[in-house]
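Scroll down for the structure; my scribbles are underneath it.
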Amino acid sequence: MSSINKNYFFKLINGETSLVVVFWFWFIFLSFLIEVFFEMYFMQTKYAQNKENYLEFFLYFVILIYSLFILLTIFRTANKYNGSRIWSFLSKALVSINLLFSINFFIEVSKFYFFEDYALEKEIESFKDKLPIQIDMNSTLIDIYKKDKTIYYKYQLHEVLLDDKFLKNKFKKQIQDSLCEDRSTVDLLKREYILNYIYVGEKQEEIVEIKTDKKVCGNSIDDLEILTDVLEKQGII
């Protein structure tokens, strides 16, 4: 870095540059670029969906640090500003609000990474807003909620008769087999969650209750993960 650049950044940090430049370029313009990067590039890539690499957490941490940096810079610059006091006050107020938003986003992202139940509960709350959902011509998902390590799914059946014990057991096996073969539900089962499917009739009378944990799936859980990894390496999925 040249001595000129060093001198400029020294003045910038110490609030000795133009408030207009600091506010409109270093705060507004760069913040806009960061938002565009997040919305149009990062959030649409596979990295945004992979919590194991902590990339999203790291980027929000960088944004938080930058927000703190720009707050201190604008406060120092505004304190030395000789122009309108209103402009000085507004620049401080807006950059303070920006820092509060950055802190809030960082806290939310941190919860998703380090508090497993929090992330899952947020997903369930979001999903509940879309209910009821017609699954097929014979069933409708009408409720979903979580208690401790059990996730409850409540379905209403339409014109489905399961009075016979053999039919109920067959239906139960079909549901459990599908859960043991689906990657999203398998991920929940491997994290020690219990999936409780409750099926009711047209008058809300309970028809059958199906509880599934990882013991029900047996070795098929690990087999599915191995198969998925192989297909991903081959570029099939």
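For the set Lys147/Lys215; Lys146/Lys168; Lys92/Lys122, the pairs lying more than 28 angstrom apart at their alpha carbons are Lys92/Lys122.
Across all C-alpha atoms in segment 62-109, the radius of gyration and Dmax reach 11.9, 40 Å. Here the average projected area of the convex hull drawn through the C-alpha atoms of segment 121-191 stands at 5.6 nm².
Take Lys146, project a point 7 Å from its Cα along the Cβ direction, then tell me which residues of segment 77-121 have their backbone nitrogen under 17 Å from it. Hits in segment 77-121 for Lys146 at 17 Å: 108-121. For segment 83-106 and segment 132-164, what is the separation of their Cα centres, given in Å? Computed from Cα coordinates, the inter-centre distance equals 48 Å.
Per residue, the accessible area of segment 99-152 comes to 65 Å², computed with a 1.4 Å probe over protein heavy atoms only. Of all GluC sites (Glu not before Pro) in segment 113-183, which ones are in loop regions per DSSP and have a Cβ with at most 14 other Cβ atoms within 10 Å? Those that pass, being in a loop and sparsely packed, are Glu159.
As a rough guide to protection, the peptides 129-142, 95-108 ranked by mean Cβ packing within 10 Å, highest first, stand as 95-108, 129-142.
The values are calculated or read from the model by the stated rules, or taken from the named source; none is laboratory data. It should be emphasised that the depicted structure is a prediction, and the values quoted were computed from it without experimental measurement. Note: ideal-geometry Cβ built from the backbone for every residue, glycine included; neighbour counts use all protein chains shown. With ligands, DNA and RNA removed, areas are computed over all heavy atoms of the protein, side chains included. Shrake-Rupley method; radii C 1.70, N 1.55, O 1.52, S 1.80 Å.
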